[in-house]
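Here's the structure, in structure tokens; my notes come after.
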Protein chains: 2
Amino acid sequence: MSSTKQGRLANKECSVARAMEIVGDRWSILILREAYYGVKRFDEFEMYVGIAPNILSARLKKLVTAGVMRRVPLPEHSGRYEYVLTDKGRDFFPAYLALKKWGDDWLADSEGPQVVFLDRAAGRPIEYPELKRADGKPLRLEDVEIVPGAGAVRFNRARFGGAPGGRNVAKAVGAVSRGKRK
Amino acid sequence: MSSTKQGRLANKECSVARAMEIVGDRWSILILREAYYGVKRFDEFEMYVGIAPNILSARLKKLVTAGVMRRVPLPEHSGRYEYVLTDKGRDFFPAYLALKKWGDDWLADSEGPQVVFLDRAAGRPIEYPELKRADGKPLRLEDVEIVPGAGAVRFNRARFGGAPGGRNVAKAVGAVSRGKRK
């Protein structure tokens, strides 16, 4: 098997690749945005996302299948539903906010962002938490080392080889079980 | 103009929609992943992403055009290049990590994640910062209120109510921005 093919197979295991399969199209992330804004009803998603009903329907179905949203019957309207976030969908909120922060910092027009998320009780914008090193300093890319995780497939074990800490290439397998115990 | 159309136009201003135009396809995010892993050369991207060279070439061009990566000539190989992250690309790292965290928490196989990011100096996994309220408690979706930002287009201003700061409670969608009045 060529290494390109091995790389492609290893991608199937990558949790970011898996995440992008769920949220990595523009419509899906905009539907999630609306859910975070409090929208629940089909016609409101349609209006605020500006999406054709057949596409919306397909995307909602995909999000429901992925367990990110669920469909709740509206008792007062037989045959109608609301779409609400599951725990899995609510748990994506920090990732949504991180995307928004990057977008606001690098892609927004000079006048500023479209919307601001306020900490309701404090009445001021929520703070985006910063990545920090163990010593409290800001974490830079240079401070990061990649090691195989507990579930790493052979391709990734060989690639990132070694114990947590990355010093001992020969002990890749040991590294995995040690990682798991943590 | 229909409100669906207005919604679609307002999306053009949404920084998350803009972010997804750059990173919101599977290949682009995997190329960024490899850049965070330290990959710089075309053939290494090709192998590790498991991507056809023509698609890789197009995606790298897109990332360079978006200012997320830049192409640096390799002096020792005339006509060959490395692809390195710009500040804009490096600044996406927290968003990448947030996506990875969600993926690891909800989508990884039960054995665990493929890779772990270590804090190199401390020799232990980096800590994913938690969203917190001003009073230090974990921030839940319920704690958040959406108000128009400084650059809000009219559609969003009308939707999220009045002046930046949200003192003028939204009339369009009651669900969204009630509660804050300080």
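Things worth noting here:
- Measuring against 26 Å, Cα to Cα, the residue pairs A:K5/B:K12; A:K137/B:K132; B:K88/B:K137; A:K100/A:K137; A:K62/A:K100 contain A:K5/B:K12; B:K88/B:K137 as the ones spanning a longer distance.
- GNM top mover of A:L118, A:L74, A:L141 - chain A, alpha-carbon springs below 10 Å: A:L141
- The order of the peptides A:54-64, A:78-88, B:17-27, B:43-53 by mean Cβ neighbours within 10 Å, most packed first, is B:17-27, B:43-53, A:54-64, A:78-88.
- Ordered by 1.4 Å accessible area with all protein chains kept, A:S15, B:S3 run largest first as B:S3, A:S15.
- Size of electric dipole in the range A:1-91: Cβ of Lys, Arg +1 and of Asp, Glu -1, about Cα centre, debye, nearest 20: 380
- For residues of A:29-37, the mean tally of beta carbons on other chains within 10 Å: 4
- Mean Cα-pair separation over length for the range A:1-91, i.e. relative contact order, pairs under 8 Å, 6 or more apart, %: 22
- Length-normalised contact order for the range A:37-85 - Cα pairs under 8 Å, 6+ apart - percent: 34
- Across chain A, the mean sequence separation of Cα contacts (distance under 8 Å, 6 or more residues apart), normalised by length, yields a relative contact order of 12 percent.
- Net charge dipole size for the range B:36-175 [Lys, Arg +1 and Asp, Glu -1 on Cβ; Debye, nearest 20]: 860
- When +1 charges are put on Lys and Arg Cβ atoms and -1 charges on Asp and Glu Cβ atoms, the dipole computed for the protein assembly as shown relative to its Cα centre reaches about 300 debye.
- Within 10 Å of the Cβ of each residue in A:42-54, the mean number of Cβ atoms contributed by other protein chains is 5.
- Springs between Cα atoms under 10 Å define the GNM used for chain B, and in it the highest mean-square fluctuation of B:F92, B:F155, B:F42 occurs at B:F155.
- At R0 = 35 Å, FRET efficiency that the Cβ-Cβ distance of B:A58 and A:E130 yields, to 0.05: 0.55
- Partner chain coverage, peptide B:152-161 - average Cβ within 10 angstrom: 3
- Dipole of chain B, positive direction: furthest Cα of B:A66, B:L97, B:Y83, with charges on the beta-carbon: B:A66
The values are calculated or read from the model by the stated rules, or taken from the named source; none is laboratory data. Bear in mind that the values here come from a model prediction, so they are computed numbers and not experimental data. Virtual Cβ from ideal backbone geometry, glycine too; neighbours counted across all protein chains shown. What goes into the accessible areas is simple: the full protein's heavy atoms, side chains included, and nothing from ligands, DNA or RNA. Shrake-Rupley method; radii C 1.70, N 1.55, O 1.52, S 1.80 Å.
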